[in-house]
1. Which residue pairs have Cβ atoms under 7 Å apart, sit 6 or more places apart or on different chains, and have a first residue in the stretch 137-149 that is more than 17 Å from VAL127 (Cβ to Cβ) and a second that is at pLDDT 60 or above and hydrophobic (A, V, I, L, M, F, W, C)?
2. Kindly indicate the residue of the stretch 100-131 that is outside any helix (DSSP H, G or I) and surrounded by 11 or more Cβ atoms within 10 Å (Cβ to Cβ) and also modelled with the highest pLDDT among those meeting that condition.
3. When you check THR97 against the structure, is it surrounded by 12 or more Cβ atoms within 10 Å (Cβ to Cβ), of a type in the set (Val, Ile, Thr) and assigned to a helix (DSSP H, G or I), yes or no?
4. Being within 21 Å of ASP105 (Cβ to Cβ) and hydroxyl-bearing (Ser, Thr, Tyr) is the filter; apply it to the stretch 54-85 and report the residue that is surrounded by the fewest Cβ atoms within 10 Å (Cβ to Cβ).
5. I'd like the full set of residues that are over 15 Å from the mean Cα position of the chain (by Cα), over 18 Å from GLN114 (Cα atoms) and part of a loop (DSSP other than H, G, I, E, B), limited to the stretch 62-94.
6. Scan the stretch 43-53 and tell me whether some residue there is at pLDDT 90 or above, loosely packed, with under 12 Cβ neighbours inside 10 Å, more than 19 Å from the chain's Cα centre (by Cα) and charged (D, E, K, R).
7. Of the residues that sit in the stretch 82-125 and are in contact with an Asp or Glu (Cβ under 9 Å, 6 or more places away or on another chain) and not hydrophobic (A, V, I, L, M, F, W, C), which one is nearest to SER19 (Cα to Cα)?
Amino acid sequence: MKYDLDALKNEVDAEKLLSAADIPDLDLYMDQLLTLINGKGEAPAALTKTMVNNYSKEKIIAPVKGKKYTKEQVLQIYTVFLLKNTLSMGEIKAALTDFYAESEDEHLLEKAYQRFNEGAAGDVEDVFSLLRQKFPDSEAAVEEDHFVMLLHVCFYSRLFQQLAKKMIAGITENKS
């Protein structure tokens, strides 16, 4: 089995995040919101109406007025959608509640998300640079090499998840 990191990087790099500029300034109905978010990248799972309703019920996003979602709410929903693969809903709620409490700036999330989005392309390069350092021959011809690389990728994922959870724990401890 040939395992080409450059080819994988191109596939992963092709996954583009939703940018704040992609979200229209007009309020969106649920179906429009789902189309916008699910049409970006290759998410592991699609965003559903039930998920959005749960975010609202748990007060993780601002309350919906009527049946339309504002640009801020769409960004809140998308942010939760990105975080939910790593964090629990309780952890996401803790992070967002404290984040919003720190400022009266109504565009705080948009500004923070834009900074994240600008750095995300570099994150992809950083991850593949790390793998190239650990596996200088990026075309692993032996199935064992492929499996070892897979184990490392999953281990990195676990380490980052633990780090994220420790950061959330720090937020909640500082609140007490």
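The values are calculated or read from the model by the stated rules, or taken from the named source; none is laboratory data. Every value quoted in this text rests on a predicted model; they were computed, and no experiment measured them. We place every Cβ from the backbone using ideal geometry, glycine too, and count neighbours over all the protein chains shown.
1. none
2. The first filter runs over the stretch 100-131 and keeps only residues outside any helix (DSSP H, G or I), leaving 102-107.
Now restrict to residues that are surrounded by 11 or more Cβ atoms within 10 Å (Cβ to Cβ): 103, 105, 107.
Values: SER103: 62, ASP105: 73, HIS107: 78.
Per the criteria, the residue is HIS107.
3. On the way: surrounded by 12 or more Cβ atoms within 10 Å (Cβ to Cβ): yes; of a type in the set (Val, Ile, Thr): yes; assigned to a helix (DSSP H, G or I): yes.
In short, yes.
4. Once the filter is applied, the top-ranked residue is THR70.
5. Applying the first criterion (over 15 Å from the mean Cα position of the chain (by Cα)) to the stretch 62-94 yields 62-73, 90, 94.
Cutting the leftovers down to over 18 Å from GLN114 (Cα atoms) gives us 62-69, 90, 94.
Hits for the stretch 62-94 are ALA62, PRO63, VAL64, GLY66, LYS67.
6. no
7. For the stretch 82-125, the residue satisfying everything is GLU110.
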